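The structure appears below as structure tokens.
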Amino acid sequence: MDLSDQAGVPVGIIMGSQSDWPTMREAAAILDELGVAYEAKIVSAHRTPDRLWDYGKTAAKRGLKVIIAGAGGAAHLPGMMASKTRLPVVGVPVQTRALSGVDSLYSIVQMPKGFPVATMAIGAAGAANAGLMAAGILALSDPELAARLDDWRATLSDSIPEEPADD
Ligand code: RP5
């Protein structure tokens, strides 16, 4: 993966496999809604370790501000990425068939002191929340994005009915 000419976007969405994309595109969809630019890459801790190394080594220099990393099973990608860059890493445990994503969650959440990963819920909700978490971090220094995020949250609140309806 030649990253040398790829500069400028604030969010990197990385995932261990093509099979993670249906989950991880929930993060991308939120960032699209909020007008936040991102790149999406397949970077596997196990299958493409050199790619992981290059991505982590160049991430801050390329201007990335937050990395969203999703993986399933023996999900080492978010933790390994956190070991390679000081950028905040938001981890998404992808739901697996064998163990329903509890394996992914445990692989991501239990980091040793010194190398944090902000771990989201398992699956699509976690991926969407990762997009919101990344936007919240960027909004700290971007008032226009902060306003868009406030609007997004208000719209969600307004969509919740006060009383339940029969089907
Ligand atoms: C992990 O292994 C990936 O993050 C994915 O969730 C899981 C299975 O990958 P595939 O066998 O579907 O490529 O590395």
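Each reported figure results from applying straightforward, stated rules to the coordinates on display, with no laboratory input. Please read all numbers here as calculations on a predicted model, not as lab measurements. In this analysis, Cβ positions are derived from the backbone assuming ideal geometry, glycine residues included, and neighbour counts consider all displayed protein chains.
Taking other residues whose beta carbon is less than 12 angstrom from the beta carbon of residue 144, and scoring Lys, Arg as +1 and Asp, Glu as -1, yields -2. The protection proxy used here, the mean number of other Cβ atoms lying within 10 Å of each residue, ranks peptides 107-117, 126-136, 20-30, 69-79 as follows, highest first: 69-79, 126-136, 20-30, 107-117.
Which trypsin sites (Lys or Arg not before Pro) does the stretch 35-94 hold that lie in a coil by DSSP with at most 12 other beta carbons within 10 Å? Walk me through the numbers on the way to the answer.
Working: sites: 41, 47, 51, 57, 61, 62, 65, 84, 86; in loops: 47, 61, 62, 65, 86.
Listed in order of number, the matching sites are 47, 61, 86.
Near residue 33, once Lys and Arg are set to +1 and Asp and Glu to -1 for all other residues with Cβ below 14 Å from its Cβ, the sum equals -1.
At the listed q of 0.15, 0.17, 0.26 Å⁻¹, the Debye profile of the stretch 34-92, built from one uniform point per Cα, gives log10 I(q)/I(0) equal to -0.39, -0.51, -1.16. Using only Cα atoms, locate the centre of the stretch 135-154 and the centre of the stretch 49-81, then give the distance between them in Å, rounded to an integer. Result: 24 Å between the Cα centres.
Go ahead and run the numbers for FRET between residue 19 and residue 60, Cβ-Cβ distance against an R0 of 30 Å, rounding to 0.05.
Working: r = 28 Å, r/R0 = 0.95.
The calculated FRET efficiency here is 0.60.
Evaluating kT/(6 pi eta Rh) at 20 °C and 1.002 mPa s, with the Kirkwood radius of the stretch 12-145 over Cα pairs in the Stokes-Einstein relation, gives 150 µm² s⁻¹.
With contacts taken as Cα pairs under 8 Å at a separation of at least 6 residues, the chain carries a relative contact order of 23 percent.
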